[in-house]
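Student: Have a look at this one before I ask anything.
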Amino acid sequence: MSELLSRVQEPIPNLLDPAIVQSIADDVWTSLVGDGEVLVPLPVPAPEVTVSAWVQITGPWCGAVVVTCDEPTAKALTECLLRARPPVVIEPEDVADALGELANVLGGNVKAALPGPSTLGLPETGPTPPATRPDDLCRVDAQWRGQYLTITVQGAVPAPHAERNEVPL
Amino acid sequence: MRALVIDDSRAMRRIVGSILEDFGYETRQAGHGREALDVLEEGYLPDLACVDWNMPVMDGLQFVSAVRSNPAYRSVTLMMVTTESEHGQIVRALAAGAHEYMIKPFTADAMRDKLALLGLLPQEVTL
């Protein structure tokens with residue numbers, strides 16, 4: 001199914017400029033992460049271990065908006081999001097929730113910039129999902145507080161356990 | 001004044017809740033629409049409900065429809081607080097009975113302006 005979608009849909013570079021994603025991210029960082037917090041569009045080397053959060057977009061274009069960073073950066077982002085009333089201890093579920101909400105807000109605004117109508121899935125977190133088609137990828141490589149962070153808008157990410165839903169030929 | 005913040009993200013509930021508390025609101029939180037209806041059925045009647053759209057169990061649009069269909073909750077002002085920013089979605093929410101619409105991300109200033117428009121900004125908060 002995802003192969004079929006990838007075959008027929010317009011690749012994301014034809015629909016979305018990375019500058020738009022950067023502009024959305026700038027707004028999100030200022031509003032959610034904090035005044036004066038900047039996502040700098042200068043890439044730094046990727047860490048060995050990363051975590052990701054993403055939301056699926058389903059519509060004329062199908063894919064996902066994925067936020068990826070390392071675990072300490074995800075925890076620091078969580079502390080910023082919870083700045084008003086941080087819990088005494090930041091639990092892993094707090095980090096998953098906060099990174100997921102960042103992906104959700106980025107994804108909602110990316111969806112609005114794409115041809116519609118489209119629907120937005122609920123946030124998911126986990127190991128970085130692979131980009132299945134290099135030509136259906138819009139990528140912003142950036143750094144926050146000097147640490148690696150990427151936002152990718154990538155076509156037709158297979159849903160977790162998608163193979164269970166496949167109809168045998 | 002009392003507010004019910006409904007969002008499946010705990011981080012977002014804390015952000016919205018803390019902004020409202022800074023404006024003098026007493027707040028409660030719910031993780032989805034069904035949980036929020038349970039809060040209302042307990043007898044907690046807020047002046048304002050801030051409602052996310054995409055949530056598990058019961059989404060924000062279903063919650064708005066449920067609240068608007070119950071005359072006992074007529075006094076509750078409903079404000080969607082969501083990433084759904086297309087014009088058609090805003091129209092759907094307003095047609096279902098939402099009074100205001102706030103698109104994420106937003107600032108505390110934007111929330112203050114919306115509350116002022118709704119007449120729900122405590123008088124001690126300056127514009």
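The values are calculated or read from the model by the stated rules, or taken from the named source; none is laboratory data. In this text, all values refer to a predicted model and were calculated from it rather than measured experimentally. No Cβ is skipped: glycine too gets one built from the backbone with ideal geometry, and neighbour counts run over all protein chains shown. These area figures cover heavy atoms from the full protein model, side chains too; ligands, DNA and RNA do not enter into them. Shrake-Rupley method; radii C 1.70, N 1.55, O 1.52, S 1.80 Å.
Student: Could you tell me which numbered condition A:Gly116 fails, if it satisfies all but one of (1) within 10 Å of chain B (Cβ to nearest Cβ); (2) within 17 Å of A:Val67 (Cβ to Cβ)?
Tutor: Exception for A:Gly116: condition (2).
Student: Ok, one more. If I ask for residues that are touching a strand residue (DSSP E or B) at 6+ places or on another chain (Cβ under 6 Å) and hydrophobic (A, V, I, L, M, F, W, C), which ones from region A:74-123 would you list?
Tutor: A:Ala74, A:Ala96, A:Leu99, A:Leu102, A:Ala103, A:Leu106, A:Val110, A:Leu120
Student: Oh, and also: Can you tell me how many residues within region A:51-77 are open to solvent by less than 10 Å² (accessible area, probe 1.4 Å), over 26 Å from A:Gly34 (Cα atoms) and assigned to a strand (DSSP E or B)?
Tutor: Result for region A:51-77: 2.
Student: Now for a different question. Conditions first: (1) away from chain B (no Cβ under 14 Å); (2) out of contact with any helix residue (DSSP H, G or I) (no Cβ under 9 Å at 6 or more places or on another chain); (3) touching a residue at least 24 places away in the same chain (Cβ under 8 Å); (4) not basic (Lys, Arg). A:Pro134 passes all but one, so which condition is the exception?
Tutor: (3)
Student: A follow-up question, please. Tell me which strands (runs of 3 or more DSSP E) are completely within region B:4-112 and hold 1 or more residues being open to solvent by 30 Å² or more (accessible area, probe 1.4 Å) and charged (D, E, K, R), or say none if there are none.
Tutor: Ranges flagged: B:26-30, B:100-103.
Student: Follow-up question, since we're still on this one. For region A:104-113, what are the residues that are more than 8 Å from chain B (Cβ to nearest Cβ) and among the small types (Gly, Ala, Ser)? Before you say what the answer is, go through the steps one by one.
Tutor: Step one: filter region A:104-113 for residues more than 8 Å from chain B (Cβ to nearest Cβ), giving A:106, A:110, A:113.
A:Ala113 - this is the single residue of region A:104-113 that is more than 8 Å from chain B (Cβ to nearest Cβ) and among the small types (Gly, Ala, Ser).
Student: Within region A:101-136, track down each residue that is surrounded by fewer than 18 Cβ atoms within 10 Å (Cβ to Cβ) and part of a strand (DSSP E or B).
Tutor: The answer is A:Thr119, A:Gly126.
Student: Taking B:Glu35, is it away from every other protein chain (no Cβ under 14 Å) and more than 13 Å from the chain's Cα centre (by Cα)? Step through it out loud before you land on a result.
Tutor: Numbers: away from every other protein chain (no Cβ under 14 Å): yes; more than 13 Å from the chain's Cα centre (by Cα): yes.
It is true that B:Glu35 is away from every other protein chain (no Cβ under 14 Å) and more than 13 Å from the chain's Cα centre (by Cα).
Student: Just to check your reading of the model, which residue among B:Val81, B:Val57 is under 18 Å from B:Gln29 (Cβ atoms) and more than 14 Å from the chain's Cα centre (by Cα)? It would help to see each step written out before you state the result.
Tutor: Working: B:Val81 fails: more than 14 Å from the chain's Cα centre (by Cα).
Of B:Val81, B:Val57, the one residue that is under 18 Å from B:Gln29 (Cβ atoms) and more than 14 Å from the chain's Cα centre (by Cα) is B:Val57.
Student: Could you figure out which of (1) assigned to a helix (DSSP H, G or I); (2) surrounded by fewer than 21 Cβ atoms within 10 Å (Cβ to Cβ) isn't true of A:Asp97?
Tutor: (2)
Student: Among the candidates B:Leu117, B:Leu121, which residue alone is loosely packed, with under 15 Cβ neighbours inside 10 Å and on the phi < 0 side of the Ramachandran plot?
Tutor: On the way: B:Leu121 fails: loosely packed, with under 15 Cβ neighbours inside 10 Å.
Just one listed residue meets the conditions, B:Leu117.
Student: In region B:84-96, which residue that is farther than 22 Å from B:Ala30 by Cα and out of contact with any Phe, Trp or Tyr (no Cβ under 8 Å at 6 or more places or on another chain) is farthest from the other protein chains (Cβ to nearest Cβ)?
Tutor: Checked region B:84-96; the qualifying residue farthest from the other protein chains (Cβ to nearest Cβ) is B:Ala95.
Student: OK, next. What residue, among those in region A:25-50 that are open to solvent by 70 Å² or more (accessible area, probe 1.4 Å) and within 10 Å of chain B (Cβ to nearest Cβ), is modelled with the lowest pLDDT?
Tutor: So, considering only residues that are open to solvent by 70 Å² or more (accessible area, probe 1.4 Å) and within 10 Å of chain B (Cβ to nearest Cβ), the one modelled with the lowest pLDDT is A:Asp35.
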